[in-house]
Amino acid sequence: MIQRHFFVNGIERNIIVDGNDSLAKVLREQLGLTGTKVGCGQGQCGACNVILNGKLVRSCTFRIDKVNDGDSITTIEGIGTPQKMHPLQKAFVKHGVTQCGFCNPGFIISAKVLLDSNPSPTREEVREWFHKNRNACRCTGYIPIINAVMDAAKVLRGEMDESELEFKMPEDGKIWGTTYPRPTAVAKATGTLDYGADLGLKMPKGTLQLALVQATVSHANIKNIDISEAEKMPGVYKVVTHKDIKGRNRITGLITFPTNKGDGWDRPILCDEKVFQFGDAIAIVCADTYENACAAAEKVKVDLEVLPAYMSAPAAMAEDALEIHPGTPNVYYVQNLEKGEPTAPIFEKAPYVVEDDFYVQRQPHMTIEPDVGFAYIDDNGVLKIHSKTIGAHLHLLMIAPGLGVEPDKIALVSNPMGGTFGYKFCPTMEGLVGAAALATGKPCFLRYNYFQHMTYTGKRSPFFVNIKFAADDEGKILAMETDYIVDHGPYSEFGDLLTLRGAQFMGAGYNIPNIRGRGQTVCTNHVWGSPFRAYGSPQSLYSSELLMDELAEKIGMDPWEIRYKNCYRPGSTNPSGQEPEVFSYPEMLEAIKPRYEEAKERAKRESTDKIKKGVGLSMAVYGCGIDGPDSSEVWAVLNPDDTVTVVAAWEDHGQGADMGMVGTAHEALRPMGITPDRIRFTWPDTSKTPNSGPSGGSRQQVLTGSAIRIACSEMLKSLRKPDGTYMNYAEAVSAGKPLKYVGKYTVPGVPCDEKGQGRPFVVYMYGVFLAEVSVNTETGKVAVDKMTLMADIGKVNNRLVTDGQIYGGIAQGIGLALSEDFEDIKRHSSLIGGGFPYAKDLPDDIEIVYFENYPRELGPFGAAGVGELPLSSPHAAIGNAIYHACGVRVHRLPATPEKVLAGLRGERV
Ligand code: MCN
Ligand code: FES
Ligand code: FES
């Protein structure tokens, strides 16, 4: 222990610290300054930035014993407060940088140091600064951050009035369609929003800290687990194993389809008989401190019989491969697709046939906040589990039987989250903290470090795709055949549904009258497959969009021409045999045409022998909802202070549930004259909020938004007075009116049948991407110079949110195209190792054009969703642009420099 005497935000501090601790730990845990976030904990994200004597410091890797007496530290709390924000914080709010917000304090601190030394940076200098200082954001694609810093700099230089950073309420009071800042924005920009780890620090004394004993092999039989030594370690309260779990000790995957050969009960909460993947949890040490828990975890002895590990689908499909889950074949689900006439005769006669194979990789989600959660038993005997769940009601059903708890004795709560991008559509640690709380009777807290976060949460499942098109002389597509394999890792949850997505999205965007296809879901020992934003469509569209360019080339058509000829028009049907609800493609393609022609000209003009420039297109499409008659429930409640609360379980990964709820309710309640600041929203809690369904499948704006519209219109109907005004709370009470109004909404969808035919989604999002790239033929490095998206997301609720969704989704698509992967467990298990795009890895030029003249009948006030559209196919446009630039068709993503160089040497890559 050492004594340190320093200044934090101008306040003198004189404290005893453990010299081995990080500055972040001391700030957060000893001084309670939780505005400083810890993301990677490895010096790779900058979430933990603070200012030490005027210099930028990453406090997670900076030891407290390096802070000297008299030093001066500034944290986000010292920059500004919610009552008195710094212009940088105001600018972050104005520009919508506050998506999940987890990175915001670190960026604001970093920008403050930059502007203190360089008050007039160029955009490029700001980008370079964030790049070199490794400030990582997974949500925004950086453009809004650069915009915010440029505006704040202007204000600080006195060139812009600070009031310009504030939202100006339109005269008609309507916020629908505007850039009204989201309700949680100020808390995010000031570091005052408590995320899971912050809430964990604010738990009562005596909360147990958990550490996991995890598998370091990928496939094994468990012969024995010996916890005797670990139990005797200092500070240990209990070591929990599968023997302590009273229920079935399995997370149920809620099998979607009866033809699935598995039963969905394949993921242990704590391993009992087998290890199925690297990182599987075998025991949980519950101790007084995290350090003691970790030390004891080292002492748990696990005796294993190591089995052959099948790290990819082809390996697990080999004839001599063992069944990973004995009794269930490794190929456990087959999805067929039959639309129109048999395709074989068509392929035989068609004048043009193209066929190719593609592989889209295991993309890691790489949220800045690692997985975190806690559980306790409340005074009513209910097990409460707080986590990053984006499907609170769904996860309750998935974990309650495994824990052996009746559904009314367990409640799930969503904490404010630092992004999930879909990995939290699967339960992660809910079962673990739940099991620990039940076994100990104490509150239990668990946070994964970044390595655990990368290795022991689900990833995008790779697809191996074979695909064929047949076309006539004019370039009209006659038929498609697909044969694909989905590597879903060891756990089946949502694997069948993902395989169906291949049937729904390969060839989507085009009227293809005749299709035959087959998708197989394969169990492997690589990390389990979980949903990832745009779930299944990036794998599908990469294949069909690259093959579309191959077809165009074979026929001698332009890639734009073939798309325009075949895109959905009245009378067309999608691969599910369903007529699209709107036909925006022709207009969007017409709008992109001049940009595309100009971009081609520019590419031709600017290409050199060394730097080859190219241009590529792709069609983007994704459904809003979970297949079939998806539904949501919401309550609108009139409060004693005449505010209205939208009570819903619209989980917020960071996409903007707060704004979704407030924006939609405000539009619905406008006749009442209520201002948006008087509309409140709820954080999901299954014991308090109705089942609004999960925040997956870009469904919430459509489904929960519609339920909000209905609940609010019921309220309006009930409270309307004869003179056209509306009752306040006191009047409603004295008139005996209800104060709570229920809105339930179910869409008229029809799930796909065994042939992949149906009406799975009643609202879709549509788009067209244009990518412009430069390929360095000496290094093989690809740079994306510009991305354009023509976006039809129906009517826009909040423009700041939708712009942000699109920038961020495209950024992830660029990562998918060029760098991101999770194949090598060790190498790919950090942000840098996983190929995370920093500021200069992305273009500063992303153009978004909205097509709002296709309002959706079944979405609230005409809205469709937005979240997943921007990640459905940007990588396909980039793939096509790489080919246009240098003639290399990248069949296996990511398009790393090594691959592009090999392609330039003539190898198939
Ligand atoms: N919205 C709008 N106008 C529209 C459509 C949507 O203003 N016409 C707004 C909504 O109010 C909401 C946001 O856009 O704030 C996204 O709405 P929607 O498309 O309905 O998606 P969900 O709310 O169901 O969110 C889920 C979606 C998915 S599935 C993933 S994965 C995802 C995503 O959104 N993960 C994200 N966006 C993310 N953004 C961030 N920052 N972090 C994640 O983890
Ligand atoms: Fe410190 Fe990531 S750099 S948390
Ligand atoms: Fe930057 Fe979410 S807003 S990581």
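A compact table of results
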| read-out | value |
| --- | --- |
| Value at 222 nm in deg cm²/dmol, rounded to 500, when DSSP H runs of n ≥ 4 in the chain each add -39,500 (n - 2.57) | -8500 deg cm²/dmol |
| Net charge, Lys223 excluded, C-beta distance under 13 Å - Lys, Arg +1, Asp, Glu -1 | -3 |
| Using θ = phi - 60° and Karplus 6.51 cos²θ - 1.76 cosθ + 1.60, couplings along region 797-806 (whole Hz; Gly, Pro as x) | 6, 10, 5, 5, 5, 5, 4, x, 4, 6 |
| In order through region 518-533: 3J(HN,Hα) via Karplus (6.51 cos²θ - 1.76 cosθ + 1.60), integer Hz, x for Gly, Pro | 8, x, 10, 9, 10, 7, 9, 9, 7, 4, 5, x, 10, x, 9, 2 |
| Karplus-derived HN-Hα couplings along region 904-909 (A = 6.51, B = -1.76, C = 1.60, θ = phi - 60°), whole Hz, x at Gly and Pro | 5, 7, x, 7, 7, 10 |
| Accessible area per residue, Å², the chain with all protein chains present, probe 1.4 Å | 34 Å² |
| In range of the label at Lys593: residues from region 542-560 whose backbone nitrogen is under 17 Å from the point 7 Å along Cα→Cβ | 557-560 |
| Ranked packing of 272-281, 541-550, most packed first, by mean Cβ within 10 Å | 541-550, 272-281 |
| Computed lengthening from Ile832 to Lys246, 0.36 nm per intervening residue step minus Cα-Cα distance | 206.9 nm |
| Packing-based ranking, highest mean first, of 611-622, 478-489, 53-64, 833-844 given that Cβ atoms within 10 Å are counted | 611-622, 478-489, 833-844, 53-64 |
| Sequence ranges 632-645, 216-229, ranked by mean other-Cβ count within 10 angstrom, highest first | 632-645, 216-229 |
| Cβ-derived FRET efficiency at R0 35 Å, Asp408 paired with Ser734, nearest 0.05 | 0.50 |
| Whole-Å distance, taken between Cα centres, linking region 847-909 and region 9-25 | 47 Å |
| Amide hydrogen neighbours beyond the local backbone of Leu478, cut-off 5 Å, H modeled | Ala470, Ala471, Asp472 |
| Normalised per residue, the volume of the convex hull around the Cα set of the chain (Å³) | 168 Å³ |
| Net lengthening on full extension, Thr746/Arg678 (0.36 nm per residue, minus Cα-Cα) | 21.7 nm |
| Computed label-point distance, nm, for sites Glu128 and Arg157 using a 7 Å Cα→Cβ extension | 1.6 nm |
| Pairwise centroid distance, computed over Cα atoms, of region 106-142 with region 396-469, Å | 33 Å |
| Percent carbon-and-sulfur accessible area, the chain, ignoring ligands, DNA and RNA, probe 1.4 Å | 50 percent |
| Relative contact order [Cα under 8 Å, 6+ residues apart], region 782-909, whole percent | 37 percent |
| Label-to-label distance, nm, for residues given as Arg908 and His5 (7 Å Cα→Cβ offset) | 7.3 nm |
| Anisotropy class of region 169-266 from Cα gyration tensor, a/c 1.5 cut | oblate |
| Percent antiparallel among DSSP beta bridges (both partners in region 409-526, rounded to 5) | 50 percent |
| Distant-in-sequence amide H partners of Tyr237 (H built 1.01 Å from N, under 5 Å) | Cys286, Ala287, Asp288 |
| In region 68-168, trypsin sites (Lys or Arg not before Pro) in a DSSP loop with at most 16 other beta-carbon atoms within 10 Å | Lys84, Arg157, Lys168 |
| Two-site label geometry, Glu291 and Val849: point separation in nm, points 7 Å out along Cα→Cβ | 6.0 nm |
| Set Lys188/Lys688; Lys188/Lys388; Lys90/Lys188 screened for pairs whose C-alpha atoms are more than 22 Å apart | Lys188/Lys688 |
| Under-5 Å amide H pairs with Asp785, H placed in peptide plane, nonlocal only | Glu772, Val773, Ser774 |
| Separation of alpha-carbon centers, region 627-688 and region 38-62, rounded to whole Å | 36 Å |
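The values are calculated or read from the model by the stated rules, or taken from the named source; none is laboratory data. Worth saying up front: this structure is predicted, and the values here are computed from it rather than measured. Here the Cβ is made from the backbone with ideal geometry for all residues, glycine too, and neighbour counts use every protein chain on show. SASA here: full protein model, heavy atoms, side chains in, ligands and nucleic acids out. Shrake-Rupley method; radii C 1.70, N 1.55, O 1.52, S 1.80 Å.
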